[in-house]
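The values are calculated or read from the model by the stated rules, or taken from the named source; none is laboratory data. All of these numbers come straight from a predicted model, not from anything done at the bench. Every residue, glycine as well, gets a Cβ built from its backbone with ideal geometry; the counts of neighbours run over all protein chains shown.
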């Protein structure tokens, strides 16, 4: 049998040949949507820090205060000795934001989705997820051992057809979607989906990880059969994930979600700074509005000058330019890098084959002058050499 290193070296070579080999780059985050990479200062349109909070001084003070009082680590899982008093305050604020009875904080968004899916569904049950759902949703569905079906992205007709065909043959049914899709920037119609789920006796799990309006309290949809998942690591600017819903659901998850039970609790600094971040988001809704306005300005300006570009159906702070080929996408990303902009090339398996893209993440911290310069660079590139 070949050695492990020999087998892996062959796999690495194939990834390299297909331009799918990933590398880590030291990146220092600065304020105002700026980073330093490889010694170069860049304007970043690749961060998920949509509200510019990760460098906020008030959050840093809150983190330091929590460290000073409780120490730098939690010491154990939440069910042992890691359930710091700050958890109750944070979960109360999350429930208020989500307009639910309760909330439960997990170690990350990935752990939250895997935990809730595997706790709710199992053998004899049915999971139907949007085809473009995040990897953690797919992994959770596969781990659950429930029958797993996928409907066409954001297509209620496709979902209904699957419910009609398969729902009657299973005990319970869990439908899963994302509120805002992370690689496309378009939004799901949660109200219509919830009505459809009620008609066919299904529960609905919605991933709100990239939905910044959701964090400002603009989320009036509420139902005992609606489960809300969110993250503290994107617009909140910190780290962690959560599930929000009924008190009964939270009580059940505390004893059934393995990714909650068997994970060391978050450090006190994360809890303290997350509480401070939620306060700022509620008091300053202008942050979310500015991020969305920046994205809309970019979409409209670029589309009016280059109407042949495929930017999908984005209506959020995320705007893709779908190129298709991997090499072409990398080439444009490198061109922007050389001109002072960090815009990552998104490739399979993150997105489907032949849909490689540039993903632009807009923040409340971006200036119009930087967006204008970015637009000019893109126009110059595409008008000079359209190769996709």
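Name the residues in the range 32-55 that are part of a loop (DSSP other than H, G, I, E, B) and either surrounded by fewer than 16 Cβ atoms within 10 Å (Cβ to Cβ) or more than 21 Å from the chain's Cα centre (by Cα) (or both), would you?
Matches in the range 32-55: 32, 38, 39.
What is the number of the single condition among (1) under 24 Å from the mean Cα position of the chain (by Cα); (2) surrounded by fewer than 22 Cβ atoms within 10 Å (Cβ to Cβ) that residue 318 does not meet?
Condition (2) is where residue 318 drops out.
Can you list residue pairs whose Cβ atoms sit under 8 Å apart, with the first residue in the range 159-170 being at positive phi and the second being surrounded by fewer than 18 Cβ atoms within 10 Å (Cβ to Cβ) and in a helix (DSSP H, G or I)? Count only pairs 6 or more apart in sequence or on different chains.
none
Within the group 93, 192, which residue is within 30 Å of residue 63 (Cα to Cα) and either in the same structural domain as residue 233 (by TED's automatic domain parsing) or outside any helix (DSSP H, G or I) (or both)?
93
Taking the range 120-142 only, how many residues are touching a helix residue (DSSP H, G or I) at 6+ places or on another chain (Cβ under 7 Å), surrounded by 22 or more Cβ atoms within 10 Å (Cβ to Cβ) and either at positive phi or not in a loop (DSSP other than H, G, I, E, B) (or both)?
Final tally of qualifying residues: 8.
Given the criterion assigned by TED's automatic domain parsing to the domain that holds residue 276, within 14 Å of residue 78 (Cα to Cα), more than 23 Å from the chain's Cα centre (by Cα) and in a helix (DSSP H, G or I), identify the matching residue among 259, 255.
So the residue among 259, 255 that is assigned by TED's automatic domain parsing to the domain that holds residue 276, within 14 Å of residue 78 (Cα to Cα), more than 23 Å from the chain's Cα centre (by Cα) and in a helix (DSSP H, G or I) is 255.
Would it be correct to say that residue 146 is at pLDDT 95 or above, assigned by TED's automatic domain parsing to the domain that holds residue 257 and under 22 Å from residue 243 (Cβ atoms)?
Yes, satisfied.
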